[in-house]
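> The structure's right below; bear with me while I get my questions together.
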Amino acid sequence: MDVGRNVISMEADALRLLGEGLGDAFAEAVEMILRCRQRVIVSGIGKSGHVARKIAATLAATGTPALFVHAAEAAHGDVGMVSPGDVLIVFSNSGATVEVQPLCIYAKGIGCPLIGVSRNPNSLLMRTADLGLRLPNVEEACSSSLAPTTSSTMMLALGDALAVSVMRARGLSGVDIRALHPGGEIGLHLRNVEDVMHSGDRLPIVAMATPMPDVLVTMTEKRLGVAGVVDETGELVGIITDGDLRRHARNLIFSCAADLMTPAPRTIVRTATVQEALEIMNTHRITVLFVVDQRQPLTPLGVVQIYDIAAPPAPVVTL
């Protein structure tokens, strides 16, 4: 446990130094990526290559077209993936890695700007690069200070910093990010509420004067465990849940919707994100929201349940 804490402490200190050292070169790198007419090519070898692959994916996921090119494969034909108008970012802790040199030479030959990332400002990579981003010269976190640990963590953080800075500079919105993440939990939480709400024939709506036995029939047919109560103009004035039915079981036969409803239920506009709906539900400890339009904030258009938007638990696999 002490070893683990020491590793994390060393890497945290390195990240602090990295952040404190960001300056004009970092800002220039962001501008270089923003000016890129085509794609950002990210490369490296070994652990630096693994980091480079992740950074290429992060750039692409945040609105910057990017591609990972394996430095060793580049010397055997993959340099053809690099085109004029691209920007090349090469990660190498020592800056002297032999495998990255053919790629750098090729990119320079076709006029691609080269950003080098290394701890050694006098290395071949940094001397060749149009712009160098220097990593703090700190020890690796392994006992021999040889295995890439601290250095790869700094590369990862620096790549993330570049990607997010470029994303902010482009002014990408949640809608833009949603388009880049159509699947998974991110895609779900950035969707609009209207994309997941129950509406039309699925919408459980009753009038204030509806007898409770009929309300029960509506709730059973719609199978959402809730009913919205509207007045004579069609505006939402109350809500009845399964919990209300249980609490008032003895009075159901002789009551109407207006007698048992909870007035002024919480609503959400249809253009809000699923994440916003989830936050409202968690804050107020409720499991359902009626969906309305901003122009008609009292007219129910749909209903969304926490079961529609919360991430399901991971399945348990028995071997």
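The values are calculated or read from the model by the stated rules, or taken from the named source; none is laboratory data. These numbers were taken from a predicted model, which means no experiment stands behind them. A quick note on method: Cβ atoms are made from the backbone with ideal geometry, for glycine too, and the neighbour counts reach across all protein chains shown.
> Look at Ala258 and say whether it is within 26 Å of Gln296 (Cα to Cα), assigned by TED's automatic domain parsing to the domain that holds Arg295 and either in contact with a Leu (Cβ under 6 Å, 6 or more places away or on another chain) or in a loop (DSSP other than H, G, I, E, B) (or both).
Criteria not met by Ala258.
> Considering only the stretch 16-53, state which residues are within 16 Å of Met126 (Cβ to Cβ), in contact (Cβ under 8 Å) with a residue 24 or more places away in the chain and of a type outside the set (A, V, I, L, M).
Within the stretch 16-53, Gly21, Phe26, Glu28, Ser43, Gly44, Ser48 meet the criteria.
> Using the structure shown, decide if Glu221 is touching a residue at least 40 places away in the same chain (Cβ under 8 Å), farther than 18 Å from Val193 by Cβ and among the charged types (D, E, K, R). Reasoning before the result, please.
Working: touching a residue at least 40 places away in the same chain (Cβ under 8 Å): no; farther than 18 Å from Val193 by Cβ: yes; among the charged types (D, E, K, R): yes.
No, not satisfied.
> Ile205 is checked against (1) modelled with pLDDT of 85 or more; (2) over 30 Å from Asn251 (Cβ atoms) and fails just one. What number does that condition carry?
(2)
> Still on this structure, I have one more. So in the stretch 172-202, with the set limited to residues that are under 13 Å from Gly302 (Cβ atoms) and buried (at least 16 other Cβ atoms within 10 Å of the Cβ), which one is modelled with the lowest pLDDT?
Step one: list which residues in the stretch 172-202 are under 13 Å from Gly302 (Cβ atoms), which gives 192-202.
From what is left, the residues that are buried (at least 16 other Cβ atoms within 10 Å of the Cβ) are 192-194, 196-198.
On the way: Asn192: 83, Val193: 86, Glu194: 87, Val196: 86, Met197: 90, His198: 92.
So, considering only residues that are under 13 Å from Gly302 (Cβ atoms) and buried (at least 16 other Cβ atoms within 10 Å of the Cβ), the one modelled with the lowest pLDDT is Asn192.
> Still on this structure, please answer the following. Of all residues in the stretch 246-275, which are hydroxyl-bearing (Ser, Thr, Tyr) and under 41 Å from the mean Cα position of the chain (by Cα)?
Keep residues of the stretch 246-275 that are hydroxyl-bearing (Ser, Thr, Tyr), which gives 255, 262, 267, 271, 273.
Thr262, Thr267, Thr271, Thr273 - these are the residues of the stretch 246-275 that are hydroxyl-bearing (Ser, Thr, Tyr) and under 41 Å from the mean Cα position of the chain (by Cα).
> Considering only residues of the stretch 261-276 that are modelled with pLDDT of 90 or more and not in a loop (DSSP other than H, G, I, E, B), which is surrounded by the fewest Cβ atoms within 10 Å (Cβ to Cβ)?
Restricting to residues being modelled with pLDDT of 90 or more and not in a loop (DSSP other than H, G, I, E, B), the top hit is Pro263.
> Next question, about the same structure. Here are Gly85, Gly80, Gly159, Gly111: which of them is of a type outside the set (A, V, I, L, M), at pLDDT 95 or above and either over 24 Å from Val7 (Cα atoms) or part of a helix (DSSP H, G or I) (or both)?
Gly159
> Is it the case that the stretch 227-242 has a residue that's out of contact with any strand residue (DSSP E or B) (no Cβ under 6 Å at 6 or more places or on another chain), surrounded by 17 or more Cβ atoms within 10 Å (Cβ to Cβ), assigned to a loop (DSSP other than H, G, I, E, B) and not aromatic (Phe, Trp, Tyr)?
no
> May I ask you to list the residues in the stretch 1-26 that are within 24 Å of Asp130 (Cα to Cα), of a type outside the set (A, V, I, L, M, F, W, C) and surrounded by 12 or more Cβ atoms within 10 Å (Cβ to Cβ)? Lay out the reasoning, then the answer.
Taking the stretch 1-26 first, the residues within 24 Å of Asp130 (Cα to Cα) are 17-26.
Right, trim to of a type outside the set (A, V, I, L, M, F, W, C) and you get 19-21, 23-24.
Within the stretch 1-26, Gly19, Gly21 qualify.
> Something else about it: Please go through the stretch 114-156 and give me each residue that is under 30 Å from the mean Cα position of the chain (by Cα) and in a helix (DSSP H, G or I), ordered by number.
Thr150, Ser151, Ser152, Thr153, Met154, Met155, Leu156
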